[in-house]
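Below you'll find the structure, written out as C-alpha cells, and then a few comments.
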Amino acid sequence: LFERAIREKRRIVAFSPCEKRICKKYYQLDLSPVYADANRIVKRWVAKAYPELRRRPKSLKAYLKLIGYERAACLGERQAAQRIRAVRGMCLKRGSYEALTGCVKAKWTKLLEYNKIDVLGMRELCRRAVSRKRRIEDELT
C-alpha cells in the first residue's frame with residue numbers, strides 16, 4: 001500500500017497518528033511521505049465551517065453526526081476490540097475461519113461493516129474539508 005501510494009502520488013489517510021506509529025514500531029516503515037491525519041484536517045475545517053459550535057467534536061463518530069452521516073445502530077458502539085478478540089480466539093481454537101460459529105462470523109461481518117462506514121465517513125469529512133479550502137483559494141485568485 002505504501003509503495004502504491006508513492007507510485008500513484010496518493011495519500012494514506014487515517015483518523016489519528018496511531019497507525020503511523022504502529023507501522024514504524026512493528027514494520028520499520030515510515031509512512032510520513034504519504035501520511036495524512038484526517039483528524040487534523042477535519043478539526044481545522046470544523047473550526048472554520050462551524051464557528052458557532054461551543055463544543056468541538058472529538059471523535060470520528062461525533063464529526064460524522066455533525067455532518068449528518070448515518071451510522072446503523074445495529075452495528076453497536078465501541079465493540080471493535082471485543083469482536084476482534086472473539087474472532088481471533090475462535091480461529092486459534094478451531095484453526096480456520098470456516099470453523100467459526102455463525103455468531104462469531106456475524107461479529108466479523110459487523111466489524112467489517114462498522115469499519116467500512118468509518119472509512120467512507122472519514123473520506124466524506126476530508127472531501128468536505130478539502131473542497132471548502134479549494135473554494136476559498138479560488139475566491140482569492
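Is it true that LEU53 is in a loop (DSSP other than H, G, I, E, B) and either open to solvent by less than 70 Å² (accessible area, probe 1.4 Å) or at pLDDT below 95 (or both)?
yes
State the number of residues belonging to region 18-34 that are outside any helix (DSSP H, G or I) and loosely packed, with under 15 Cβ neighbours inside 10 Å. Let's see the steps before the verdict.
Taking region 18-34 as the starting set, the residues that turn out to be outside any helix (DSSP H, G or I) are 28-34.
With loosely packed, with under 15 Cβ neighbours inside 10 Å added as a condition, the list becomes 28-30, 32-33.
So the count comes out to 5.
Which number in (1) over 18 Å from the mean Cα position of the chain (by Cα); (2) touching a residue at least 40 places away in the same chain (Cβ under 8 Å) marks the one condition that GLU52 misses?
Among (1) over 18 Å from the mean Cα position of the chain (by Cα); (2) touching a residue at least 40 places away in the same chain (Cβ under 8 Å), the lone unmet condition for GLU52 is (2).
Starting from region 13-26, take each residue that is closer than 25 Å to GLU124 by Cβ and list its partners that are among the hydrophobic types (A, V, I, L, M, F, W, C) and assigned to a loop (DSSP other than H, G, I, E, B), counting only C-beta distances under 6 angstrom and pairs at least six apart or across chains.
LYS20/LEU31; CYS23/LEU29; CYS23/LEU31
Exactly one condition in (1) open to solvent by less than 70 Å² (accessible area, probe 1.4 Å); (2) under 21 Å from the mean Cα position of the chain (by Cα); (3) of a type in the set (Lys, Arg) is false for LYS105; which is it?
All conditions pass for LYS105, except number (2).
Could you please find all residues in region 74-84 being open to solvent by 70 Å² or more (accessible area, probe 1.4 Å) and closer than 18 Å to ASN39 by Cβ?
ARG78
A quick yes/no check of all residues on (1) on the phi > 0 side of the Ramachandran plot; (2) open to solvent by less than 80 Å² (accessible area, probe 1.4 Å); (3) more than 13 Å from the chain's Cα centre (by Cα):
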| position | (1), (2), (3) |
| --- | --- |
| ALA72 | no, yes, yes |
| ALA86 | no, yes, yes |
| MET90 | no, yes, yes |
| GLY95 | yes, yes, yes |
| GLU98 | no, no, yes |
| ILE117 | no, yes, no |
| GLU124 | no, yes, no |
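Residue by residue, here is whether (1) within 27 Å of ILE12 (Cβ to Cβ); (2) at pLDDT below 90 holds:
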site: LYS58; (1), (2): yes, yes
site: ARG85; (1), (2): yes, no
site: ARG88; (1), (2): yes, no
site: GLY95; (1), (2): no, no
site: GLU98; (1), (2): no, no
site: TRP108; (1), (2): yes, no
site: LYS133; (1), (2): yes, yes
site: GLU139; (1), (2): no, yes
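Give region 3-32 a look and list any residue that's within 17 Å of the chain's Cα centre (by Cα) and aromatic (Phe, Trp, Tyr), or say none.
PHE15
Does LYS61 satisfy being under 21 Å from LEU125 (Cα atoms), assigned to a helix (DSSP H, G or I), open to solvent by 30 Å² or more (accessible area, probe 1.4 Å) and in contact with a Phe, Trp or Tyr (Cβ under 9 Å, 6 or more places away or on another chain)?
no
For region 35-48, check the following and say yes or no: at least one residue is closer than 30 Å to ILE6 by Cβ and in a loop (DSSP other than H, G, I, E, B).
No, that holds for no residue.
Just the residues that are out of contact with any helix residue (DSSP H, G or I) (no Cβ under 8 Å at 6 or more places or on another chain) and either small (Gly, Ala, Ser) or over 11 Å from PRO33 (Cβ atoms) (or both), please, taken from region 4-19. Steps first, answer last, please.
Of all residues in region 4-19, those out of contact with any helix residue (DSSP H, G or I) (no Cβ under 8 Å at 6 or more places or on another chain) come to 4-9, 17-19.
Selection gives ARG4, ALA5, ARG7, GLU8, PRO17, CYS18, GLU19.
The values are calculated or read from the model by the stated rules, or taken from the named source; none is laboratory data. These numbers come from a predicted model, not from an experiment. Here Cβ is always computed from backbone atoms with ideal geometry, including for glycine, and neighbour counts include all displayed protein chains. Note: accessible area is taken over every heavy atom of the protein model, side chains too, but ligands, DNA and RNA are not part of it. Shrake-Rupley method; radii C 1.70, N 1.55, O 1.52, S 1.80 Å.
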